[in-house]
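Data first, discussion second: the structure below is written as structure tokens.
The values are calculated or read from the model by the stated rules, or taken from the named source; none is laboratory data. Only a predicted model underlies this, so the values are computations on that prediction, with no experimental measurement involved. Positions of Cβ are backbone-derived with ideal geometry, glycine not excepted, and every protein chain shown enters the neighbour counts. The area values use the complete protein model at the heavy-atom level, side chains included, leaving out ligands, DNA and RNA. Shrake-Rupley method; radii C 1.70, N 1.55, O 1.52, S 1.80 Å.
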Amino acid sequence: MKSAFLIVCLVAPLSLIAQLSPTKVTDYITVSLPSDFRPMNEQEINSKYVYTRRPMALYTDYGVTVDFGINRGNNQWAQGDLTILKDFYKANISSLYDEVSFTKDAIETINGREFAVFEFVAIVKPEEDAITNESALRTYSYIQYTIVNNQTLVFTLSSPYQHIRKWKDLAPQIMQSVSIKKNFK
């Protein structure tokens, strides 16, 4: 019995390490995603997201709890405006939630391209006059922005806070794998 317990203790942490697989998102963008991720279907997208511009791609795990998405921003930016863009989007992120705790706020070079990178935990509190007795919603997110041909590309990974231990190590690996071809259209 002790040996079976020992085997479970040694093997269980390995099951938390996701296998990343290169994924061709478009003709111009590739990223390595966990092997259990799949494209979201229309019903899942419509039930979870409200958007003004349809995302380029949305992927989720089979539990439909952790999502990875790519979108084009609505604003046009000059190629050299990444620092200004970073400050703009940090303020925007902060305004979307009741509380935000940033653990990363940086500009990083990933596969030859500069990105504004944010990693944070956000809290949305229930309305004070809500009929239901809901608790605050906490999420872990890793978001990065880049400018390509004066367009903003946004890469987002979001997870419920209770899964942060797994995703805090894995999200940076996924985001570091983003590759955008120079001839992006």
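Tabulated results
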item: Failed item, numbered, when residue 23 is tested on (1) open to solvent by less than 50 Å² (accessible area, probe 1.4 Å); (2) at pLDDT below 85; (3) not in a loop (DSSP other than H, G, I, E, B); result: (2)
item: Subset of the stretch 78-115 that is in contact with a Ser or Thr (Cβ under 6 Å, 6 or more places away or on another chain) and on the phi < 0 side of the Ramachandran plot - its residue that is surrounded by the most Cβ atoms within 10 Å (Cβ to Cβ); result: 115
item: Residue, nearest to residue 145 (Cα to Cα), within the stretch 36-57, restricted to residues that are touching a Leu at 6+ places or on another chain (Cβ under 9 Å) and open to solvent by less than 60 Å² (accessible area, probe 1.4 Å); result: 56
item: Any chance residue 13 is within 19 Å of residue 176 (Cβ to Cβ), more than 15 Å from the chain's Cα centre (by Cα) and either modelled with pLDDT of 85 or more or outside any loop (DSSP other than H, G, I, E, B) (or both); result: no
item: Output for the stretch 85-129, where each listed residue is of a type in the set (S, T, N, Q) and more than 18 Å from residue 180 (Cβ to Cβ); result: 92, 94, 95, 101, 103
item: Neighbours by Cβ (under 6 Å, 6+ apart or cross-chain): first from the stretch 112-124, more than 17 Å from residue 81 (Cβ to Cβ); second part of a strand (DSSP E or B) and of a type in the set (Lys, Arg); result: 119/104; 123/138
item: Given (1) surrounded by fewer than 16 Cβ atoms within 10 Å (Cβ to Cβ); (2) among the β-branched types (Val, Ile, Thr); (3) closer than 27 Å to residue 38 by Cβ; (4) free of Cβ contacts under 8 Å to residues at least 60 places away in the same chain, index of the condition residue 60 fails; result: (1)
item: Inter-residue pairs, beta-carbon under 7 Å, first in contact (Cβ under 8 Å) with a residue 40 or more places away in the chain and within 18 Å of residue 178 (Cα to Cα) and in the stretch 69-84, second open to solvent by less than 80 Å² (accessible area, probe 1.4 Å) and not in a strand (DSSP E or B), 6+ apart; result: 69/55; 70/25; 70/55; 70/56; 71/55; 71/56; 72/56
item: Residues (at pLDDT 90 or above and either open to solvent by 70 Å² or more (accessible area, probe 1.4 Å) or not aromatic (Phe, Trp, Tyr) (or both)) located in the stretch 117-136; result: 117, 119, 121, 122, 123, 124
item: Residue match in the stretch 149-164 (condition: closer than 22 Å to residue 25 by Cβ, over 14 Å from the mean Cα position of the chain (by Cα) and either β-branched (Val, Ile, Thr) or at pLDDT 95 or above (or both)); result: yes
item: Scope the stretch 35-65; condition hydrophobic (A, V, I, L, M, F, W, C) and under 24 Å from residue 170 (Cα atoms); matching residues; result: 37, 40, 45, 56, 57, 58, 64
